[in-house]
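The values are calculated or read from the model by the stated rules, or taken from the named source; none is laboratory data. Quantities reported herein were computed from a predicted structural model and do not represent experimental measurements. Here Cβ is always computed from backbone atoms with ideal geometry, including for glycine, and neighbour counts include all displayed protein chains. Areas reflect the complete protein model, heavy atoms only, side chains present, ligands, DNA and RNA absent. Shrake-Rupley method; radii C 1.70, N 1.55, O 1.52, S 1.80 Å.
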2 protein chains.
Amino acid sequence: MINFTVGPVQSSDAVRAVGAEQVPYFRTTEFSQLMLENESLVKKFAKATDDSKVAFITGSGSAGMETAIMNTLTSEDKAIVVNGGSFGHRFVELCELHEIPFTEIKLDAGKTLKAEHLVGFEGKGYTTFIVNKHETSTGVHYDMNLISDFCKRNNLFLIVDCISTFLADPFDMSGLGADIMITGSQKALACPPGISVMILSPKALKRVECVKCKCQYLDLKLALKNAERGQTPWTPAVGILRQIHARLKEIEANGGVDAEISRTAALANYFREQIKSLPFEIVSESLSNAVTPLHPTTASAYDIFLKIKDDYGMWICPNGGDMKDSIFRVGHIGYLSEADYDKLVDAFKDLQKKGFI
Amino acid sequence: MINFTVGPVQSSDAVRAVGAEQVPYFRTTEFSQLMLENESLVKKFAKATDDSKVAFITGSGSAGMETAIMNTLTSEDKAIVVNGGSFGHRFVELCELHEIPFTEIKLDAGKTLKAEHLVGFEGKGYTTFIVNKHETSTGVHYDMNLISDFCKRNNLFLIVDCISTFLADPFDMSGLGADIMITGSQKALACPPGISVMILSPKALKRVECVKCKCQYLDLKLALKNAERGQTPWTPAVGILRQIHARLKEIEANGGVDAEISRTAALANYFREQIKSLPFEIVSESLSNAVTPLHPTTASAYDIFLKIKDDYGMWICPNGGDMKDSIFRVGHIGYLSEADYDKLVDAFKDLQKKGFI
């Protein structure tokens, strides 16, 4: 099977080799050292300031999103939430559950955030801005410079879900003045799922100190205290953290984050060139390198997903809910090559020849 | 390195082989089928009733413990918590954080729960009993028949942390009338850490329906709803869930849970016989097959841990806090053989010959 979904994605041989090893005991200086190197490389690749801190949460990216909300916001805040799809909607749900006052900017599927959406929020006493840099459900990649300028002007605390875009698109945490960035092990980090990574700016660290987190497992005070010595409060997914280490070292050896982003961009462009003659419409007006969201005009998106899986041995990424039949996505993150895309495009062309699409 | 800790422990070749594979896309009928088989085998091995349900949480065992508290107890409850060490203390902290009224039964290190501890709690309006079946920090394995009889007599909701004892010691969930059992992937399941497994009785399922969980990520309503079709609300640790599947099938093929428990018991007994001449005292008055907790009478426990790690290439399990120098533990779970214990005992004897212990 070739995997073109947006997670879990394919891992490199080095990462898989670590997966085959016995998982070592972890309350040791050896594992602490590995974790401190993970922290250092994650900060480097996100262009975070030196005085930022990293927490590794054993959980999905959603756990990271909720950890951010529970540890840095209170009912005294007033947040703006960009809701452009399933993942924006998750932040809306989280603010509701944790009683964080908020206003949402609701965007239609495929539409990006523009300056006109923000105008009405200038100087209105908001404290916080929450956004999925890449709304993965519809493949919309927001303009972070627009958001950053707005936040700086209005002195807003900025929470950025980078789950599917970190290492796939440029991200300059310190330049943007972002306070929290969240990612997951199974996206462009290309490791198995199970770890959410968070970077916290000094401003975020101060908030964590002052906010009482009502969940021990997701309490960043405990995580950050343990992280000082390269440890975690609970037994973490040690195997995946070791795979993340192998992967970060691999990216570093291959030229660093910018080279990795260029590689992903080249694959995305290669694929997008190949599908121009196919009956697919790109549904996003602002694409990430991580994924190409497509609306097939002649067949059900979900039927195409099943066909590609069962008849051609490849996974593309189906959408859920009311987009199930109208949109599928093709990912460009993970261990993929142009030759893999040739096979996928051949499969699409074969389906076209057979009159299926 | 040979790993004698209590987690992560050593995995079988079959489990490691899965770790080397690419992690597949998981919103598929194929993965759902695997998850339903996991559920079925976990229930079988825990001797749970057919109408019990299983949730797989991507997180540590501690996440499972908190999930149990957050989803089934409220301020209307009145709980008894057995606190015999670090893990009993964790339940105390969780009840405090989530404002569950409780009384703790505090036991000295190494001491077990006896009928006399429970007498004063008969007919006093308690609703819930919370216990770590095996207090892993000091290796004390409680008498579940005593606890079960007390709970049945007093109609108590029974939460049992089985994290380090499931598959190592007998556990009859339906016979005991236990309502929640919790375990983790990295104990006797002998997979990498990252998944907590919970079984819920019909009574527990009813409580979940009525309790509002204040954490979306750990909300069992969402987990159980998705589990009906073999899925999870968030991207789970797919790789580890596939390793759990391989491991459960392996146990089944080798004779089932009773054979696995006998195998572990034989290893524990083998080790305990070999160390009789060494300057170690067993500190628990009620041992589990999972671990032997030892107090070295002639040297620091932590120094012995470091020595065994650095000079002999083996991990024994250090204790934390104020037991750091007085207790270490030797685990019997995971992929270990008598030959492994021979090496460990030889190392201890070598340390003795050198005058280190």
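Kindly provide the helix-only [θ] at 222 nm of chain B, computed as the sum of -39,500 (n - 2.57) over DSSP H runs of four or more divided by all residues, to the nearest 500 deg cm²/dmol? One gets -12500 deg cm²/dmol as the mean residue ellipticity at 222 nm.
Interface burial in the stretch A:183-208, defined as at least 40 Å² less accessible area with all protein chains than with the chain alone at a 1.4 Å probe, covers A:P193.
Work through the residues other than A:P293 whose Cβ is under 10 Å from its Cβ and net out their charges, Lys, Arg +1 and Asp, Glu -1. With Lys, Arg at +1 and Asp, Glu at -1, the net is -1. Here the 3J(HN,Hα) profile of the stretch B:322-338, calculated from phi with Karplus coefficients 6.51, -1.76 and 1.60 at θ = phi - 60°, is 7, 9, 3, 8, 9, 9, 10, 10, 10, x, 10, 9, x, 7, 10, 10, 4 Hz, Gly and Pro shown as x. Interface residues of the stretch B:1-18, defined as those with an accessible-area decrease of at least 40 Å² between the chain by itself and the complete set of protein chains (probe 1.4 Å), are B:P8, B:R16. In percent, rounded to a whole number, the relative contact order of chain B is 25, using alpha-carbon pairs under 8 Å and six or more apart.
A:N145 label point (Cα plus 7 Å toward Cβ) to equivalent points in the other copies: 7.5 nm, shortest first.
With protein chains left intact and a 1.4 Å probe, residues in the stretch A:10-161 average 36 Å² of accessible area per residue.
Within the listed set B:D108, B:D219, B:D161, the Gaussian network model of chain B (springs between alpha-carbon atoms below 10 Å) gives the highest mean-square fluctuation for B:D108. At full extension, B:T298 and B:E30 could sit 90.9 nm farther apart than now, given 0.36 nm per residue minus the alpha carbon distance. When accessible surface is computed with a 1.4 Å probe, chains B and A are found to bury approximately 4100 Å² between them, both chains counted. Rolling a 1.4 Å probe over the heavy atoms of the protein chains gives the stretch A:256-353 an accessible area of 40 Å² per residue. One compactness figure for the stretch B:13-253 is 0.98, namely its Cα radius of gyration divided by 2.2 N^0.38 Å. Of A:K324/A:K349; B:K133/B:K249; B:K106/B:K225, which pairs sit farther than 31 Å apart, going by alpha carbon to alpha carbon? Those over the limit are B:K106/B:K225. Under a Gaussian network description of chain A, with springs only between Cα atoms under 10 Å, the residue in A:S60, A:S75, A:S262 that fluctuates furthest is A:S75.
Derived from the Cα gyration tensor, the three semi-axes of the equivalent ellipsoid of the protein assembly as shown are 44, 28, 26 Å, largest first.
Whole-Hz Karplus values for the stretch A:114-123 come out as 10, 3, 4, 5, 8, 3, x, 9, 4, x Hz, taken residue by residue from phi with 6.51 cos²θ - 1.76 cosθ + 1.60 and θ = phi - 60°; glycine and proline positions read x.
Shown here for the stretch B:182-216: trypsin sites (Lys or Arg not before Pro) in loop regions (DSSP other than H, G, I, E, B) with at most 10 other Cβ atoms within 10 Å, namely B:K212. Across the stretch A:103-170, Cα-Cα pairs farther apart than 14 Å form 59% of the total. Comparing B:C162, B:C151, B:C215 in a Gaussian network model of chain B (Cα springs below 10 Å), the most mobile by mean-square fluctuation is B:C215. In the stretch A:41-61, comparing the full protein assembly with the chain on its own, the residues that lose 50 Å² or more of accessible surface at a 1.4 Å probe are A:S60.
Rounded to the nearest 5, the antiparallel percentage of DSSP beta bridges internal to the protein assembly as shown is 55%.
A viscosity of 0.692 mPa s and a temperature of 37 °C, combined with the Kirkwood radius over Cα pairs in Stokes-Einstein, give a translational diffusion coefficient for the stretch B:1-104 of 192 µm²/s. Computed over neighbours whose Cβ is under 14 Å from that of B:R153, the net charge equals 0, Lys and Arg +1, Asp and Glu -1. Each part gets one Cα centre, and for the stretch B:85-162 versus the stretch B:35-70 those centres are 20 Å apart. If the Kirkwood radius is taken over C-alpha pairs of the stretch B:144-227, then at 10 °C and 1.306 mPa s the Stokes-Einstein diffusion coefficient equals 113 µm²/s.
Out of the total accessible area of the protein assembly as shown (probe 1.4 Å, heavy atoms of protein only), what percent is carbon and sulfur? Ligands and nucleic acids excluded, carbon and sulfur give 50 percent.
Per Stokes-Einstein, at 4 °C and 1.567 mPa s, what whole-number D in µm² s⁻¹ belongs to the stretch A:256-353, with the Kirkwood radius over Cα pairs as the hydrodynamic radius? The Stokes-Einstein estimate is 94 µm²/s.
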